[in-house]
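S.K.: One structure follows; several queries about it will come next.
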Amino acid sequence: MSDRLGGALARKPLHFIFVLDVSGSMMRGGRIQALNNAISEVLPHLRDEARANPHAELLIRVLAFANEPRWVIEEPTSVEDIHWERLEAVPRGFTELGSALLTLTDALSHLDESSSAYPPAIILVSDGRPTQSSGTTFAEGLQALLNNRWGATAVRLALGVGRDADMHSLRRFIGDEDVPLLRADNPEQLVEYIVWASKAASKVASRPVVGGGGLSAVPPSPIGDPIWSTLG
């Protein structure tokens with residue numbers, strides 16, 4: 001696409017950040033394998049979304065957390081250039097979500113301050129209750145995120161994995177009662193829900209008005225037997 005003078009129109013960056021729980025409990029019931037499969041499956045969908053949107057440049061980052069946060073993909077990377085390397089759960093790893101949100105907030109503070117930029121899209125996946133061994137509580141990390149301009153205006157979606165997921169904390173992370181909060185009870189649901197959430201977040205975040213509008217898509221219906229609910 002070109003403007004009236006013949007020059008190419010600039011595509012504004014849309015930062016898409018996955019925040020993924022790799023604590024020890026993700027080793028149960030094939031959860032970490034299902035999470036890896038879900039991310040691998042969602043990438044082609046995001047590439048399609050990016051190709052269909054001439055106005056946004058979709059840039060991916062991935063932050064994993066257990067006892068401490070760790071950037072899996074730290075530099076904003078075009079979705080076309082992502083080659084997924086499978087995550088491993090941390091044996092006996094805790095769920096230090098507060099520290100992860102502080103790390104996320106620091107990354108957001110370095111984004112372009114242009115008022116015309118798209119808000120980031122953040123998808124949080126966790127299967128447990130936030131712990132506090134690092135000195136940073138979930139409430140403190142969340143408040144830091146919401147005090148950040150981009151954190152406050154971001155499209156924030158969350159997905160609980162299994163019956164032990166702290167849905168109350170995930171709802172607080174989303175912050176909007178009208179946005180669906182999903183819980184996956186088996187590997188098929190996890191894949192389906194991450195695909196849905198990623199496509200929905202990409203569409204909403206790339207709307208012209210920063211922070212405007214909610215999710216119009218309807219989340220998929222539950223699939224299969226809730227094996228993670230029965231296995232814990």
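S.K.: Of 202, 169, 198, which residue is assigned to a helix (DSSP H, G or I), touching a residue at least 60 places away in the same chain (Cβ under 8 Å), open to solvent by less than 20 Å² (accessible area, probe 1.4 Å) and closer than 26 Å to residue 67 by Cβ?
M.R.: None of the others qualify; the one that does is 169.
S.K.: Let me ask something else. Would you point out the residue of the stretch 29-74, among those that are out of contact with any helix residue (DSSP H, G or I) (no Cβ under 7 Å at 6 or more places or on another chain) and of a type in the set (S, T, N, Q), that is surrounded by the most Cβ atoms within 10 Å (Cβ to Cβ)?
M.R.: 67
S.K.: Which residue is modelled with the lowest pLDDT, if the candidates are limited to the stretch 119-142 and must be among the hydroxyl-bearing types (Ser, Thr, Tyr) and open to solvent by 20 Å² or more (accessible area, probe 1.4 Å)?
M.R.: The residue in question is 134.
S.K.: Sticking with this structure for a sec: Kindly indicate the residue of the stretch 75-104 that is over 17 Å from residue 59 (Cα atoms) and among the polar types (S, T, N, Q) and also surrounded by the most Cβ atoms within 10 Å (Cβ to Cβ) among those meeting that condition.
M.R.: So, considering only residues that are over 17 Å from residue 59 (Cα atoms) and among the polar types (S, T, N, Q), the one surrounded by the most Cβ atoms within 10 Å (Cβ to Cβ) is 95.
S.K.: Hey, among 64, 100, which residue is within 27 Å of residue 138 (Cβ to Cβ), of a type in the set (A, V, I, L, M), modelled with pLDDT of 95 or more and outside any helix (DSSP H, G or I)?
M.R.: 64
S.K.: Looking only at the stretch 119-148, count every residue that is in a loop (DSSP other than H, G, I, E, B), in contact (Cβ under 8 Å) with a residue 24 or more places away in the chain and either among the aliphatic types (A, V, I, L, M) or more than 18 Å from residue 75 (Cβ to Cβ) (or both) and tell me the total.
M.R.: Qualifying residue count, the stretch 119-148: 12.
The values are calculated or read from the model by the stated rules, or taken from the named source; none is laboratory data. All values derive from a computational prediction rather than experimental measurement. Positions of Cβ are generated from backbone atoms using ideal geometry, with glycine treated the same way; all protein chains shown enter the neighbour counts. Calculation scope for accessible area: heavy atoms of the full protein, side chains included, ligands and nucleic acids excluded. Shrake-Rupley method; radii C 1.70, N 1.55, O 1.52, S 1.80 Å.
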